[in-house]
Number of protein chains: 2
Amino acid sequence: MTDEVERARARERAADMLADAGVVLTDEERDEMEVVDYGLGDLESVGTEIVVYVNDDRYCAKELVLFPDQTCPEHRHPPFDDYPGKRETFRCRSGEVYLYVEGDGDDSESSDEWSVSPPMREEFYTASEEIHLEPGEQYTIPPDTRHWFKAGGDGAVISEFSSPSYDEKDVFTDPKIDRMAGRY
Amino acid sequence: MTDEVERARARERAADMLADAGVVLTDEERDEMEVVDYGLGDLESVGTEIVVYVNDDRYCAKELVLFPDQTCPEHRHPPFDDYPGKRETFRCRSGEVYLYVEGDGDDSESSDEWSVSPPMREEFYTASEEIHLEPGEQYTIPPDTRHWFKAGGDGAVISEFSSPSYDEKDVFTDPKIDRMAGRY
């Protein structure tokens with residue numbers, strides 16, 4: 001488990017990266033920043049730091065921070081009840097992002113074509129289509145589409161614009177992952 | 001009318017303000033930036049410069065730029081058909097914004113309480129509730145609510161997160177205003 005000292009340090013580091021990207025936070029946003037280790041307990045390699053600006057029944061906006069080479073593990077946003085599933089647009093603000101999205105090549109030895117490697121438990125990374133994002137570039141991921149992403153060596157700041165987020169409904173490819181476990 | 005030379009100059013100036021706020025644009029986004037004079041032909045005092053990142057059937061995200069003391073005139077986003085009207089969150093990124101929203105005091109001599117003055121045609125500015133936004137601060141405006149906003153003396157960059165935008169459905173208090181007139 002990622003302990004409180006490590007979480008506080010992660011918040012400070014992510015806030016510094018946001019400041020370098022020109023993003024101003026309130027003190028409250030800084031204090032409440034979500035530090036997600038997905039229950040794997042190795043935040044540096046598998047984790048995401050998240051500031052939620054707004055998440056209501058109509059839309060959602062966040063900043064996502066990835067430390068150097070940090071990965072957000074593969075998952076999808078499925079439909080449920082009357083909700084068609086989350087659609088999301090990732091816009092790179094600083095650093096660079098390697099985004100992998102479900103594609104035609106998913107049954108092949110897709111990892112041969114990846115520019116970066118999954119962090120661990122590689123068998124749970126299957127999406128084959130690589131999208132490389134630099135500052136000012138963006139990509140929209142349809143609902144219910146497997147995807148994962150990893151920062152380059154300088155880390156990354158990503159603005160996410162989307163339909164409402166219901167994190168507890170996310171389905172991760174790795175059965176060991178728990179999105180909601182110890183996320184603060 | 002705002003001519004093409006003035007529009008091109010406005011795009012360049014707004015792009016510089018965005019760059020100073022840490023916002024990186026693609027060349028295409030810079031070229032396609034919307035310069036809106038609302039048909040009043042006095043862009044410097046009544047106008048908005050807009051970069052639309054995404055606007056689909058589920059959500060919308062934009063950057064709004066206001067030059068020093070520039071005003072976005074009073075309007076509302078009414079419901080139509082099955083659409084409940086646009087809800088929008090303004091987040092100040094740089095500069096400062098004076099936002100006025102429909103409130104209980106709208107029937108009084110509300111202008112006495114405003115920190116800044118409407119630019120012209122003052123009779124068409126009626127919203128009385130003042131919200132002052134500095135970098136990192138944000139405010140969400142419900143659908144069908146009259147609002148207008150003006151930048152402070154250094155201009156402002158505002159991120160807008162919202163439900164889908166249907167600009168052609170906007171209703172302006174000033175009947176002379178045409179949102180769609182010569183907006184590029």
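The values are calculated or read from the model by the stated rules, or taken from the named source; none is laboratory data. Bear in mind that the values here come from a model prediction, so they are computed numbers and not experimental data. Every residue, glycine among them, receives a Cβ derived from its backbone with ideal geometry; neighbour counts consider all protein chains shown. For accessibility, only protein heavy atoms count, side chains too; no ligands or nucleic acids. Shrake-Rupley method; radii C 1.70, N 1.55, O 1.52, S 1.80 Å.
The figures follow:
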read-out	value
Members of segment B:41-73 that are over 21 Å from B:ASP154 (Cα atoms) and either charged (D, E, K, R) or within 14 Å of another protein chain (Cβ to nearest Cβ) (or both)	B:VAL52, B:TYR53, B:VAL54, B:ASN55, B:ASP56, B:ASP57, B:ARG58, B:TYR59, B:CYS60, B:ALA61
Segment A:88-143, residues that are within 14 Å of chain B (Cβ to nearest Cβ) and open to solvent by less than 20 Å² (accessible area, probe 1.4 Å)	A:GLU88, A:THR89, A:PHE90, A:ARG91, A:CYS92, A:VAL97, A:LEU133, A:GLY136, A:ILE141
Within segment B:13-30, tally of residues that are touching a residue at least 12 places away in the same chain (Cβ under 8 Å), away from chain A (no Cβ under 13 Å) and of a type outside the set (A, V, I, L, M, F, W, C)	1
Selected residue [open to solvent by 40 Å² or more (accessible area, probe 1.4 Å) and part of a loop (DSSP other than H, G, I, E, B)] from B:ASP16, B:ASP69	B:ASP69
Filter pass, B:GLU74 being crowded, with 20+ Cβ neighbours inside 10 Å and closer than 25 Å to B:GLU168 by Cβ	yes
Condition check for A:VAL101: within 14 Å of the chain's Cα centre (by Cα) and over 28 Å from A:ASP16 (Cα atoms)	yes
Cβ-Cβ under 6 Å pairs, at least 6 apart or on other chains, segment A:143-160 side closer than 17 Å to A:SER115 by Cβ, far side open to solvent by less than 10 Å² (accessible area, probe 1.4 Å) and of a type in the set (Gly, Ala, Ser)	A:HIS147/A:ALA127
A:ASP57 vs. criteria outside any strand (DSSP E or B) and either basic (Lys, Arg) or within 27 Å of A:GLU113 (Cβ to Cβ) (or both)	no
Matching residues, segment B:146-181, being under 14 Å from the mean Cα position of the chain (by Cα), part of a strand (DSSP E or B) and more than 14 Å from chain A (Cβ to nearest Cβ)	B:HIS147, B:TRP148, B:PHE149, B:LYS150, B:ALA151, B:GLY152, B:GLY155, B:VAL171, B:PHE172
